[in-house]
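For reference, the structure discussed in these notes is given below.
Every number here is computed from the coordinates shown, using simple stated rules; none is lab data. Just so it is clear, the model here is predicted, and its values are computed rather than measured. When we count neighbours, we look across all protein chains shown, and the Cβ atoms used for this are built from the backbone with ideal geometry, even at glycine.
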Amino acid sequence: MDGGRMLKSHCFRRDYFTQRIQEMKSPVFFSAIRIFLAGCLAACALGVSRVQAQGNYTWRDCLEEAKEHHPDLLSAREGIHQTQADKGITAGGLFPQVSGNFAGTSSQKASSDPAENYSYGITGSQLLFDGFKKVHQVKESEQAIVAETFRYMVTSSNVRLRLRKAFIEILKEQELLEITDEIAKRRHESVELVQLRYDAGREHKGALLQAQANLAQAQADAAQAGRSISLAQRRLGKELGRSRFEAMQARGDFEVADPQRQLPEFEFLAETTPFLKELMARQEAARHGLRSAKADYFPEVFANADMSRSETRWPPGDEAWSVGVKVTLPFWDGGIRRGTLRKAESVLTQAQAEERGGRDGVTLILHETWARHQDALDNVEVQRKFLESAEARAKISEAQYSNGLILFDDWIIIEDTLVRVKKDFIEAQANALITEADWVQAKGGTLENEY
């Protein structure tokens, strides 16, 4: 009795291990192993990324950091400081110019004793009239400051656009990583289902190979998404003004804050853009430059005064002083004034043409970016409906294929459509945010003021 039981137990264990060995030889087992290893690698990579990450960054965090550290903004700020210094230099000519002097000499001739002479004095001059040339030069410098300030805003607007696109890219790649992992899992389940039907003789080998190829593609897409996140992180770090790479995660959603569906007044918006205001300020500066050039034909009038002391001993005691007015009027300068005037006229004409062309260009860009943004918003809703339809069809077709109600070729088309539509929906959402960023930049939105 005990011997029979032992023999039966031994046969059971032999049959059990034989069955397990046969299962290990099956393609399903090897596919499962590949999926498991790929999942482990992805989990390790994701874990390393999370360890390296210094934290999640919101869009507001990125704005604050870029304002402080982006080199383009630092350069633009220095441009403002330089024009402010230029104004101070120019305005200095309107104030009295005072200078002092001191001299001490010792000389000797062959037939005389050494002679010494000491002197010191102070000299001052004040511009009384120059045809208002200096006044217009100061006003030209003031307009240059205004233009440089708007140029800073243009730079800030461009930085914001690049920063926003880099932030959106990370959001998109994070979503794609989740979707590709989900797709890989779904493809693995498809391989198992097809393998069962193939082993049962209810499916052909081509269907199994196709399912395995789809699984390999899903795994490759997941790996690519991981690499894309790293690249997007580097791009965002560059726009934040960082010189070293640092892994990070973006925290946000794909919802557009202000769709602005109503057709705006593009001509009115164009007047408020920093780019057009910069051109207008440069035009005004050129106008003052022309007036300054015309003032060269007027005489210059200066009031002069000086006082000095000199003597052969120190301290000198002999005092001398003088007060007067000096008038200068050039009769012939070889055509310098005429050439300066013609150049100033040309600069003003050029500035006027650039302002007119800039106005037309800004108005067109505003209309184009608004239209693209509306198209992108519409596409999001269309892709959302496609996604809902594809998910419903995929759920139904999977049950039908499991029960043998539809062929593999019909089922895999629906599965491929679901994969494509999921990716298209993410792309549509990201594109809507990008076109929104273009629209904000066209309106003149900056890091400091996003409009």
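Things to note:
- Assigned charges on the beta-carbon of Lys, Arg, Asp, Glu; the range 97-196 dipole about Cα centre (debye): 360
- Nearest 10 degrees, 0 to 90: helix 27-52 Cα axis against the chain principal axis: 30
- Neighbours of K277, meaning other residues whose beta-carbon lies under 12 angstrom from its beta-carbon, give a summed charge of -2 when Lys and Arg score +1 and Asp and Glu score -1.
- Descending principal axes extents, the range 126-274, alpha-carbon based, whole Å: 107, 43, 25
- Compared with the direct C-alpha span, the chain from E388 to Q84 gains 103.5 nm at full extension, assuming 0.36 nm per residue.
- Whole-Å distance, taken between Cα centres, linking the range 105-143 and the range 216-247: 65
- What the Cβ-Cβ distance of Y120 and S75 gives, at R0 = 41 Å and to the nearest 0.05, is a FRET efficiency of 0.35.
- Across all directions, the shadow cast by the convex hull of the range 265-367 built on its C-alpha atoms averages 12.0 square nanometres.
- Legend: distances between Cα atoms for K67/K422; K165/K422; K139/K294; K87/K294; K172/K277; pairs beyond 25 Å are K67/K422; K172/K277.
- Angle between the chain longest axis and helix 274-294 axis [Cα atoms, degrees, rounded to 10]: 20
- Placing unit charges on the Cβ atoms only, positive for Lys and Arg and negative for Asp and Glu, gives the range 213-298 a dipole magnitude near 520 debye about its Cα centre.
- Look at the alpha carbon pairs under 8 Å that are at least 6 residues apart: their mean separation over the length of the chain gives a relative contact order of 23 percent.
- FRET efficiency for the pair L128 and E265, taken as 1/(1 + (r/R0)^6) with r the Cβ-Cβ distance and R0 = 41 Å, rounds to 0.25.
- Within the chain, longest stretch free of exposed trypsin sites (Lys or Arg not before Pro) [DSSP loop, at most 13 other beta carbons within 10 Å]: 314-451
- Put in order of Cβ neighbour count within 10 Å, fewest first, the listed residues W321, W332, W59, W370 become W332, W321, W59, W370.
- By the Cα gyration tensor, the range 324-375 has an equivalent ellipsoid whose semi-axes, rounded to whole angstrom, run 49, 12, 5 from largest to smallest.
- Treating each Cα of the chain as one equal point scatterer and applying the Debye formula with no solvent, the log10 of I(q)/I(0) at q = 0.10, 0.11 Å⁻¹ comes out as -0.94, -1.03.
- Longest to shortest principal axis, alpha-carbon extents of the range 317-451, angstrom: 121, 43, 22
- Computed from Cα atoms alone, the Kirkwood hydrodynamic radius reported for the range 189-290 is 20.5 Å.
- Fully extending the segment from L196 to E448 would add 84.7 nm, taking 0.36 nm per residue of separation and subtracting the current Cα-Cα distance.
- Helical runs assigned H by DSSP (4 residues or longer) give the chain a calculated mean residue ellipticity at 222 nm of -25500 deg cm²/dmol, each run adding -39500 (n - 2.57) before division by the residue total.
- Measure of compaction for the range 85-143 (Cα Rg per 2.2 N^0.38 Å): 2.01
- Dipole moment magnitude, nearest 20 debye, the chain about Cα centre, only Lys, Arg, Asp, Glu C-beta charged: 1140
- Between the beta carbons of A320 and L94, assuming R0 = 41 Å, the FRET efficiency works out to 0.90 to the nearest 0.05.
- Degrees separating the helix 59-69 axis from the principal Cα axis of the chain, which is the longest one: 40
- A cut-off under 12 angstrom between Cβ atoms defines the neighbours of D86, and their net charge, with Lys, Arg +1 and Asp, Glu -1, is -2.
- Building the convex hull from the alpha-carbon atoms of the range 396-451 and averaging its projection over directions returns 5.3 nm².
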